[in-house]
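Data first, discussion second: the structure below is written as structure tokens.
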Amino acid sequence: MTEGLRERKKRQTRQHISDVATGLFLERGFDAVTIAEIAAAADVSVNTVYNYFPAKEDLFLDRQDDVVDWLPSVVRGRAQGESAARAVLRVLRAEAVAVSPRLGLIDGYDRFLRVIGDSQALTSRLAAMDRQATEALTVTLAEEAGAAPGDVLPELVAGQLAWVRARLAEHIGRALLTGRTAVDASRDALVLLDEMEELMGEKLLGYAKGTVRPTV
């Protein structure tokens, strides 16, 4: 469907507010900037900011839905005969090879990481997002594997795959914070993924293999 004028203006306003807020956060730190200051700099009212971003953390971490649904979407989109774990590993490797911003592989991203590290509110929000992502992945795995009620395997597998993604992001972040380039960090990420795969057992690597889905 074609985006209407009203929807386009709302999207542009939201992006403008987010961009202004991000610039202020990077310059002064998350905790030092108020919503009133963001509204003034963006030339909108405080109520307008809250209409688009219910919480201050949403201004800096404004892709929560994408983060939460990423691994579940990878599992749902895996190929016939491909397990959940191998699909996740495949996609993570592809993102690393592409030096993808989705993994934080972008020069200058260390500035964002420092803002997060200096704010307990942002650190807590990220932890909550990780929990939500793991819970969403658990639900998806249970559905895709046809798990019986009370089966603990979806939760265990989700925890392991979420750990892989989190440790990879942490590894990349540390590299960027020490001055490594995104390209260098991506090469290290590929090595780390190989090492993590070697630690996985066949039960994990073979869980929830994709099957042919009927066409509607």
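The values are calculated or read from the model by the stated rules, or taken from the named source; none is laboratory data. Quantities reported herein were computed from a predicted structural model and do not represent experimental measurements. With ideal geometry, Cβ positions are generated from the backbone for all residues, glycine too; neighbour counts draw on all protein chains shown. What goes into the accessible areas is simple: the full protein's heavy atoms, side chains included, and nothing from ligands, DNA or RNA. Shrake-Rupley method; radii C 1.70, N 1.55, O 1.52, S 1.80 Å.
Conditions tested, residue by residue: (1) in contact (Cβ under 8 Å) with a residue 60 or more places away in the chain; (2) under 15 Å from L176 (Cβ atoms); (3) touching a strand residue (DSSP E or B) at 6+ places or on another chain (Cβ under 9 Å); (4) open to solvent by 20 Å² or more (accessible area, probe 1.4 Å).
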residue	(1), (2), (3), (4)
W70	yes, no, no, yes
R86	yes, no, no, yes
L89	yes, no, no, no
Y109	yes, yes, no, yes
F112	yes, yes, no, yes
D118	yes, no, no, yes
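Among the residues of region 58-105, count how many are of a type in the set (G, A, S) and outside any helix (DSSP H, G or I).
Adding up the residues that qualify gives 7.
Criterion first (surrounded by 17 or more Cβ atoms within 10 Å (Cβ to Cβ) and without any contact (Cβ under 8 Å) to a residue 40 or more places away in the chain) does A147 satisfy it?
yes
Of all residues in region 10-34, which are assigned to a helix (DSSP H, G or I), out of contact with any Ser or Thr (no Cβ under 9 Å at 6 or more places or on another chain) and of a type in the set (A, V, I, L, M)?
Result: V20, A21, L24, L26.
I'm told V157 meets every condition in (1) open to solvent by 50 Å² or more (accessible area, probe 1.4 Å); (2) over 14 Å from G104 (Cα atoms) except one. Can you identify the failing condition by its number?
It is condition (1) that V157 fails.
Just checking, how many residues over region 161-199 are touching a Gly at 6+ places or on another chain (Cβ under 8 Å) and open to solvent by 20 Å² or more (accessible area, probe 1.4 Å)?
The number of residues fulfilling the criteria is 1.
Being surrounded by fewer than 15 Cβ atoms within 10 Å (Cβ to Cβ) and either more than 22 Å from M129 (Cα to Cα) or touching a Lys or Arg at 6+ places or on another chain (Cβ under 6 Å) (or both) is the requirement here; does R6 meet it?
In short, yes.
Can you tell me how many residues within region 34-62 are in contact (Cβ under 8 Å) with a residue 40 or more places away in the chain and charged (D, E, K, R)?
Residues in region 34-62 being in contact (Cβ under 8 Å) with a residue 40 or more places away in the chain and charged (D, E, K, R): 3 in total.
Taking K209 as meeting all but one of (1) modelled with pLDDT of 95 or more; (2) within 18 Å of A84 (Cα to Cα), write down the number of the exception.
With respect to (1) modelled with pLDDT of 95 or more; (2) within 18 Å of A84 (Cα to Cα), K209 is out only on (1).
Please go through region 36-56 and give me each residue that is among the aromatic types (F, W, Y) and open to solvent by 50 Å² or more (accessible area, probe 1.4 Å), ordered by number.
Hits for region 36-56 are Y50, Y52.
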